[in-house]
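Before any comments, here is the structure.
What follows draws every value from the coordinates through simple rules; no lab data is involved. This structure is a prediction, so every number in the text was calculated from the model and none was measured. Cβ coordinates were reconstructed from backbone atoms using ideal geometry, including for glycine residues, and neighbour counts include every protein chain displayed.
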Amino acid sequence: MAALIRYEGPKGGPGMREMLSTTAALYGQGVGDKMALITDGRFSGATRGFCIGHVGPEAAVGGAIGLIRDGDIIDIDAEAGTLSVRLSDAELAERRKAWTPRGHDYNSGAILKYAQLVSSAEKGAVTHPGGKAETHCYADI
């Protein structure tokens, strides 16, 4: 059994909200050692249980985590480090066609700009193109 929390990634949050209160709630309900928590959000070192975070591409950009529905079967192989859903490519393609981006409450200001610029978690959740693209060094250390 798994709980799935989406739209918590860098763009969808925006920012990557901590899932510690969620894992604490699962343990408080007595299911913390019986179910996995899968999210495009993040976990801290205090998180406990079977947790899979930083899933990407995140739901906010149409990643598969945003296409999963109640009743879908998710396979987790912790030893191999794989996560997959038992859906055909055709079914995922149909769901992707019907998918529309979810809005959030930040429609102006710095948080909106962050959400527009930030990369996915698997690419570091950064707001710049990375070291190879830098053309100017601000400090020679």
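Some observations on this one:
- Longest site-free stretch - the chain; sites: chymotrypsin sites (Phe, Trp or Tyr not before Pro), DSSP loop, at most 16 other Cβ within 10 Å: 1-98
- Largest-first principal axis extents of the Cα set of region 30-127 (Å): 41, 39, 26
- Counting Lys and Arg as +1 and Asp and Glu as -1 over every other residue whose Cβ lies under 15 Å from the Cβ of GLU18, the net charge comes to +1.
- Averaging the Cα positions of each part gives two centres, and for region 37-70 and region 82-117 these lie 12 Å apart.
- Separation of the ALA46 and HIS136 label points, Cα + 7 Å toward Cβ, nm: 4.0
- Summing charges over all other residues whose Cβ lies under 15 Å from the Cβ of GLY124, with Lys and Arg as +1 and Asp and Glu as -1, gives 0.
- Cut-off 14 Å between beta-carbons: net charge of the residues surrounding THR47, Lys and Arg +1, Asp and Glu -1: 0
- Region 81-125: C-alpha gyration tensor shape, a/c 1.5 cut-off, then a/b vs b/c: oblate
- D (Stokes-Einstein, µm²/s), Kirkwood Cα radius, region 1-53, 0.692 mPa s at 37 °C: 302
- 3J(HN,Hα) from dihedral phi, region 24-37, Karplus parametrisation 6.51/-1.76/1.60, rounded to Hz, x for glycine, proline: 5, 5, 4, 5, x, 8, x, 10, x, 9, 10, 9, 8, 10
- Antiparallel %, DSSP beta bridges [both residues in region 1-122], to 5: 35
- If you count Lys pairs in the chain whose Cα atoms are under 26 Å apart, skipping same-chain pairs closer than 8 places in sequence, the total is 8.
- Residue by residue, region 64-81 carries 3J(HN,Hα) couplings of 4, 4, x, 9, 6, 10, 3, x, 5, 9, 10, 9, 10, 10, 5, 5, 7, x Hz when phi is fed to the Karplus relation 6.51 cos²θ - 1.76 cosθ + 1.60 (θ = phi - 60°); x denotes Gly or Pro.
- Each Cα pair under 8 Å and six or more residues apart adds its sequence gap; the mean of these over the residue count of the chain is a relative contact order of 24 percent.
- Using the Cβ-Cβ distance between VAL85 and SER21 with R0 set to 35 Å, the FRET efficiency from 1/(1 + (r/R0)^6) comes to roughly 0.85.
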